[in-house]
Amino acid sequence: MAAAVAVAEPKTKYDRQLRIWGDQGQAALEKASICLLNCGPTGTEALKNLVLGGIGSVTVVDGSKVEQSDLGNNFLLDEGCLGQSRAKSICSFLQELNDAVKAKYVEESPATMIDTNPSFFSQFTVIIATQLPESSLLKLDSICRSANIVLVAARSYGLTGLVRVSIKEHCVIESKPDHSLDDLRLHNPWTELKQFAKSIDICDKDPVVHKHTPYIVILVRLAEKWADAHDGQLPSTRQEKREFKDLIRAHMLNVDEDNYKEAVESSYKVSVTPGISDEIRQIIDDSSSEVNFSSSDFWVLVASLKEFIANEGNGELPLEGTIPDMTSLTEYYVSLQKIYQAKAESDCLAMEYRVKSILKRIGRDPDSISRACIKTFCKNTRKLKVCRYRSLEEEFSSPVLSEVQKYFADEDSCFAMNFYVLLRAVDRLAANYSRLPGQFDSEIGEDVPRLKEAAVSVLSDMGLKGSSLSEDLIAEVCRFAGAEIHPVAAFIGGVASQEVIKLVTKQFVPLNGTFIFNGIDLKSQVLAL
């Protein structure tokens, strides 16, 4: 009984999020180990979201003591924390939010830790680096890439901020797009589906049967009829598609037959191009699909998929096996469900055989990839994503010039690009003067031209000699004086934690570029540089 309660408790506790990323995603979160560098408001907001979500463990690295200014923008600190270790105080409050999460702290400057103890970072799943200067961030990115650790850099600065993900490669099986076409194979029905469709008379005069024949059956039958009259070809041109809709309407007995309306609305599914999309073709033709002993499970599955498509799939991906709701007699709908599920199961078994064969061929345990994992992969083969990220060094030293020019030329993107350059210029000025621009009111007048000079230097390094930024924005960034304003920090921290969840669960597609928030106009932009 006690064991049952122990299992039920997390399900109740995380019920709402389990509906989004499921047991598998939650298990990944609970195994993850997160390291936060600097626990100012931006980092604290990010960590708070992850702790509430049930992340496995967190380690906070921060050598600062709590000051009066911290109480104005960090809701996890109070007056009783003044003078105490900021990392220790934050960990204490985080544990109160979720006692199931293990929280540790290290009283050390992140910059010092990066310089003196790089191996420290190899124990973590994800590093969240907040408010780090460019020089430290570049070193940390190199460390993380060498150890294949995910780095999420986040920074809030006055009314702007950024988030940047850095990892060599991130592969996503469950990308969960907002919209996707149902995998019904109406353009290429298999034998069992054809036989079931033929068993139903779509010309039956019984009004109950006629208006409750599933639109899948209607489309399979009428597509076959169309093909017989058009040399085996399905409707492809706009005129042919219009005529095919007229053919469907001609079989209606009454104007109120919802199933035929559904058939008309879904008639385009008959004309879907056979085979696989260009995006999936690019993945299966990737050099990583030539697998060896050290290949990841994802690429072993892709290699198996490639073999499946060429053999059992006859040029098609494994069937997903689900059908949407539709107007239908219950017995017809249940029969259709079983037909689709049986086909999906057959495809999954064929994939499982391919996976085991490849694993054996490369010298790995044939059972090292579970059937549940193979099944999930088969259900999502049309939605696979592979994200590859440039290193920060590559982005900073050799940005994609055509993209940079495009962003500067676009009115909406130009502001984001200005902020991107100015945030880098701030670090250059701080490196020269050992303080942030605008930190002292008496020196704002001198800091504006200094920041402008630093920005021109950044632009020159990006290959944009002679380019300039908004004078008003340069002055505004000086006025920011490096302040972490809580609403902006909460937003940037929220974006950072969202990306961490995507990366840890390997669900949804993470940002691929530098996310810039413009708090002046309340706009955001992802810059692919």
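Couple of notes before you dig in:
- Cβ pairs under 8 Å, 6+ apart, first in the range 478-493 and over 16 Å from residue 38 (Cβ atoms), second open to solvent by 60 Å² or more (accessible area, probe 1.4 Å): 481/439
- Any hit, the range 259-272, residues being open to solvent by less than 70 Å² (accessible area, probe 1.4 Å), touching a helix residue (DSSP H, G or I) at 6+ places or on another chain (Cβ under 7 Å), closer than 26 Å to residue 191 by Cα and part of a loop (DSSP other than H, G, I, E, B): yes
- In the range 52-80, residue nearest to residue 498 (Cα to Cα) [restricted to those that are modelled with pLDDT of 95 or more and buried (at least 24 other Cβ atoms within 10 Å of the Cβ)]: 55
- Counting residues in the range 457-464 that are in contact (Cβ under 8 Å) with a residue 40 or more places away in the chain and of a type in the set (Ser, Thr, Tyr) gives zero.
- The set of residues from the range 447-462 being within 37 Å of the chain's Cα centre (by Cα) and open to solvent by less than 60 Å² (accessible area, probe 1.4 Å) comprises 451, 454, 455, 457, 458, 459, 460, 462.
- Filtered residues of the range 322-346 (kept if touching a residue at least 60 places away in the same chain (Cβ under 8 Å) and outside any helix (DSSP H, G or I)): 322, 323, 324, 326, 327, 328, 329
- Selection count, the range 73-94, where residues are in contact with an Asp or Glu (Cβ under 7 Å, 6 or more places away or on another chain) and hydroxyl-bearing (Ser, Thr, Tyr): 1
- Count - residues of the range 346-404 that are among the aliphatic types (A, V, I, L, M) and open to solvent by 50 Å² or more (accessible area, probe 1.4 Å): 4
- Residue in the range 135-156 that is open to solvent by 50 Å² or more (accessible area, probe 1.4 Å), assigned by TED's automatic domain parsing to the domain that holds residue 50 and farther than 14 Å from residue 391 by Cα present: no
- One residue stands out among those in the range 284-303 that are of a type in the set (S, T, N, Q) and in contact with a Phe, Trp or Tyr (Cβ under 7 Å, 6 or more places away or on another chain): the one that is farthest from residue 370 (Cα to Cα), which is 288.
- 2 or more residues among the acidic types (Asp, Glu): qualifying helices (runs of 4 or more DSSP H) within the range 440-529: 444-461, 471-480
- Test result for residue 234, aliphatic (A, V, I, L, M) and within 30 Å of residue 389 (Cα to Cα): no
- Condition check for residue 233: in contact with a helix residue (DSSP H, G or I) (Cβ under 7 Å, 6 or more places away or on another chain) and more than 15 Å from residue 263 (Cβ to Cβ): yes
- The range 411-446: number of residues that are open to solvent by 60 Å² or more (accessible area, probe 1.4 Å), among the aromatic types (Phe, Trp, Tyr) and in contact with a helix residue (DSSP H, G or I) (Cβ under 8 Å, 6 or more places away or on another chain): 2
- Scanning the range 111-134 for residues being open to solvent by 10 Å² or more (accessible area, probe 1.4 Å) and within 30 Å of residue 455 (Cα to Cα) gives a total of 8.
- Residue count for the range 178-196, restricted to those that are open to solvent by 60 Å² or more (accessible area, probe 1.4 Å) and at positive phi: 0
- Close contacts from the range 16-32, counting a first residue that is more than 17 Å from residue 58 (Cβ to Cβ) and a second that is open to solvent by less than 90 Å² (accessible area, probe 1.4 Å), with Cβ to Cβ under 6 Å and a gap of 6+ residues or different chains, come to 18/26; 21/505; 21/507; 25/505; 25/507.
- Of the helices (runs of 4 or more DSSP H) lying entirely inside the range 386-435, those containing at least 3 residues that are of a type outside the set (Asp, Glu) and modelled with pLDDT of 95 or more span 411-433.
The values are calculated or read from the model by the stated rules, or taken from the named source; none is laboratory data. All of these numbers come straight from a predicted model, not from anything done at the bench. Virtual Cβ from ideal backbone geometry, glycine too; neighbours counted across all protein chains shown. For the accessible areas, the whole protein counts, side chains as well, though only heavy atoms, and no ligand, DNA or RNA atoms are used. Shrake-Rupley method; radii C 1.70, N 1.55, O 1.52, S 1.80 Å.
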